[in-house]
Amino acid sequence: MANKNGGFIGTDGLDAPDPPTGVTVSGGTDGVASISFTAPTDTGTSAITGFVATSSTGVGATGTSSPISVSSLTLDTAVTFRVLAQNVYGYSAPSDASSSITPSASRGVWAGGANGPSNVMQYITIATTGNTTDFGDLTVARGDTATGASSTRMVVAGGNNNSNQSNVTDYITIATTGNATDFGDTLTEHRLFNGGLSNSIRFVMAGGENGAGSAQNVIQYFTIATTGNASDFGNLLATSYGANGAASTTRGVWMGGLNGTNVIQYVTIGTTGNATDFGDLVSTRSGGGSVSSGTRAVTGGTIVNSQDLMDYITIATTGNGTDFGNLSVGRGKCGALGSTTRGVWGGGVIDSSGANQDVMDYITIASTGNASDFGDLASALDRVVGMSNGHGGL
């Protein structure tokens, strides 16, 4: 027998909960969506034991509270979601449907570069291999920037336009193409070689050089969904530039820096305050790139002797780095971007020859091993930066 909501009624008259309300959906990148909802106040006459999120395409997942993550969604196919509440007597009727989203593959965007300098932005689909495609232009040509991104928006801050340092901050909508729009300004005008990282809410950048060779210890942040100037976050353990940033949804880490240090340090992204010691890398690093799956961060490349080494750490813990493998080309001043499964390095310069690179190579973050060829940038660039709408901080 069904109760008033279409749920099951037990033989003793005790019944299932009311449906959840306010169902919303976010994400969708790489076929993973987050389903949020409000639990019903009428739980029947038994406590709720769980929830089921179901999609219009037949894929679902369970959870004990909001939100519920649903994966393996079909890319490029619109989908809506409903949620059911459960107690020991059965399931509620389905909730009203959420709005529709269309899952898509992670897109990575490379921005700027110091060979020129460049205002070019170019993009790749991270799950495939191949050369880059033109995206549009930054508002100011520059390299040595820092970048962060949510699942929809990428922010590019600071940098160096030959002898003129920049505090300009731009943003783009990652899923589209087109030129960047002004976002606001960094805290200080002379800021390059910053280390950037982000979760879905905040883009945090740390350290950098002031344009006169002086390293900085300032950490500053932007709220990605709005526009405006940076706010003070705290300080690094010491002055540093060229550190590589990566993040989980809650913690940000910077690895290496200052033209050759092995220090790893971290912050909690949702708060403000000074960095805390995490551990040490296998070797000194500066001016490479880092990627994150959300649980593991991998850093590779360095200005110092153009090393091809990669290290990895588990973000939620503290401790020293572990050898991961080697990039296809030893280089520094390169960029990196990734999804939760794959990391891609691009560009850079070989210190011994001064030759800029157009090479991109990739790894599978969950495993260890050497990088494989991905394709080529539009031109050979050093000091290019990259970020994606599917990185491990989201």
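Quick notes
- Using a Förster distance of 25 Å, the FRET efficiency for THR341-THR24 (Cβ separation, nearest 0.05): 0.45
- Here the residues LEU138, LEU187, ranked from fewest to most Cβ neighbours within 10 Å of their Cβ, fall in the order LEU187, LEU138.
- Gap separating the Cα centres of the stretch 122-174 and the stretch 279-306, nearest whole Å: 20
- Value of relative contact order over the stretch 30-138, rounded to a whole percent, pairs C-alpha under 8 Å and six or more apart: 22
- Separation between Cα centres of the stretch 241-263 and the stretch 331-394, rounded to whole Å: 16
- Stretching THR173 away from THR62 to a fully extended chain increases their span by 36.8 nm, per 0.36 nm per residue minus the current alpha-carbon distance.
- With a Förster radius of 30 Å applied to the beta-carbon distance between SER379 and THR227, the computed FRET efficiency rounds to 0.50.
- For the pair the stretch 70-115 and the stretch 20-46, the centres of their Cα atoms are 11 angstrom apart.
- Residue separation of LEU75 and THR368 scaled by 0.36 nm, minus their Cα-Cα distance, works out to 102.7 nm of gained length.
- Label-to-label distance for ALA212 and VAL88 is 7.3 nm, based on points extended 7 Å past Cα in the beta-carbon direction.
- Ranked list, fewest to most other Cβ atoms within 10 Å of each Cβ, for TRP110, TRP345: TRP110, TRP345
- Amide N of the stretch 85-106 lying under 19 Å from the label point, which is placed 7 angstrom from the Cα of ALA47 along Cα→Cβ: 85-92
- Computed over the chain: relative contact order in percent, which uses C-alpha pairs under 8 Å that are six or more apart: 12
- The gain in end-to-end length when the ALA127 to THR181 segment is fully stretched comes to 16.7 nm, 0.36 nm per residue minus the alpha carbon separation.
- Cα-projected label distance for THR38 with THR314, points at 7 Å along beta-carbon direction, nm: 3.9
- The Cβ shell under 14 Å around SER248 holds other residues with a net charge of +3, Lys and Arg each +1, Asp and Glu each -1.
All of the numbers you see were taken from the coordinates with simple rules; none came from a lab. Just so it is clear, the structure is predicted and the values come from calculations on it, not from any experiment. When we count neighbours, we look across all protein chains shown, and the Cβ atoms used for this are built from the backbone with ideal geometry, even at glycine.
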